[in-house]
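Have a look at the structure below before the remarks.
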Amino acid sequence: MVVKGHTCRTCNATCCRIFITYFPRLTIRKDIKNVCEDLTDDGLCSRQNTDKPEHCKKFWCYGKLWKQKETQMEEMIKIRNNKIEEAINEVEGSYNYAQHIQETFLPEDLYIRECFPDSFVLFKPKDIVSGDFYFFSKQEHLIIFAAVDCTGHGIPGALLSTLGYGILDQAVNEIKLTDPSHILHHLYSKIHRYLRNDSEGTGISDDMDIILCVLDARTNILKYAGVKNPLYHVIKGELIEHQSQNFLEECSEEGECLFRSEGIQLSTGDTIYLCSDGYSDQFGGKHHKKYQGARLKHFLLNLQDCSMSEQSDRLYKEIEQWREENNEDQTDDILVIGIRI
């Protein structure tokens with residue numbers, strides 16, 4: 001940095017004040033040097049009244065050295081910035097390709113419409129990829145569908161979701177399991193084996209929350225089983241919450257299935273909702289609080305006069321306004337499935 005307006009103590013000429021910064025190891029030392037404005041290219045003062053031109057030449061050398069160091073520092077900063085930019089682009093490219101992989105195995109909108117013509121899936125990852133995932137499969141007159149929330153979000157959550165989706169697909173589409181409790185037993189026993197989460201406490205303890213349903217399209221009887229995630233059922237203007245009655249401690253690959261399924265009779269016009277806890281856990285509002293499940297249930301009840309596509313739009317706008325009211329970032333993946341019978 002150069003500051004003009006200083007007077008050379010040797011030749012009384014107007015000088016520049018030069019701040020030369022040294023970087024020996026991790027310490028920083030700053031020296032203030034004075035250099036005459038009227039120095040020639042050789043570092044000699046062009047004024048005739050000075051009797052000590054070598055004084056000016058000495059500090060001219062300091063100024064020249066400082067400019068060289070400044071150029072070197074700028075070049076180093078430029079190189080490092082380029083490396084940082086390359087690293088960021090590489091990470092973004094990996095995330096985007098991971099998103100492409102996840103979108104490839106998740107059910108397409110057209111297939112979901114074939115299963116349930118009047119439905120929606122609100123899916124909003126916190127990061128580019130998600131730890132939440134949804135599952136739909138049609139087996140003759142049975143429609144099997146689920147909302148799953150894996151531990152974490154981003155890349156770790158997406159790895160678990162990829163593993164979980166593959167096991168769920170195997171249970172339904174290859175082994176042909178149709179009872180929700182048996183499907184859950186297969187899912188959790190395999191997940192625990194792959195992650196080496198055994199009774200000795202070794203391996204990884206990460207898991208997933210789920211609500212899984214099997215609808216008989218001939219009778220409208222819905223069987224469901226879950227872990228932590230609830231099932232919301234709206235009938236004749238009333239919302240009924242069906243809590244999951246299963247616990248992971250009841251699952252063992254070697255032992256018998258201890259998960260339980262429940263059944264409810266649905267009627268034409270009923271609406272059901274499956275969701276992860278991501279929507280209700282979003283922070284926002286004036287007082288930096290979670291949205292909460294009670295507020296979500298009340299909002300869902302007020303949407304019953306809307307079409308399912310309009311419900312999806314309004315749910316999205318509601319949570320965005322909730323977050324933006326206090327400038328909050330999204331804290332978790334969001335997944336809400338709505339189906340009208």
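Here, each number is a calculation from the coordinates, and none is a lab measurement. This one's a predicted model, so the numbers in the text were calculated from it and none came from an experiment. Reconstructed Cβ throughout: ideal geometry from the backbone, glycine too, with neighbour counts over all protein chains shown.
One table, with the values for the structure above:
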| item | result |
| --- | --- |
| Residue ranges of strands (runs of 3 or more DSSP E) in the stretch 82-193 with at least 3 members among the β-branched types (Val, Ile, Thr) | 142-150 |
| Hey, Ile341 within 20 Å of the chain's Cα centre (by Cα), crowded, with 16+ Cβ neighbours inside 10 Å and closer than 30 Å to Leu222 by Cα or not | no |
| In the stretch 98-142, residue surrounded by the fewest Cβ atoms within 10 Å (Cβ to Cβ) [restricted to those that are among the aliphatic types (A, V, I, L, M) and without any contact (Cβ under 8 Å) to a residue 60 or more places away in the chain] | Leu110 |
| Every residue from the stretch 231-249 that is under 25 Å from His192 (Cα atoms) and either outside any loop (DSSP other than H, G, I, E, B) or without any contact (Cβ under 8 Å) to a residue 24 or more places away in the chain (or both) | Leu231, Gln243, Gln245, Phe247, Leu248, Glu249 |
| Subset of the stretch 266-310 (residues that are assigned to a loop (DSSP other than H, G, I, E, B) and of a type in the set (Lys, Arg)) | Lys286 |
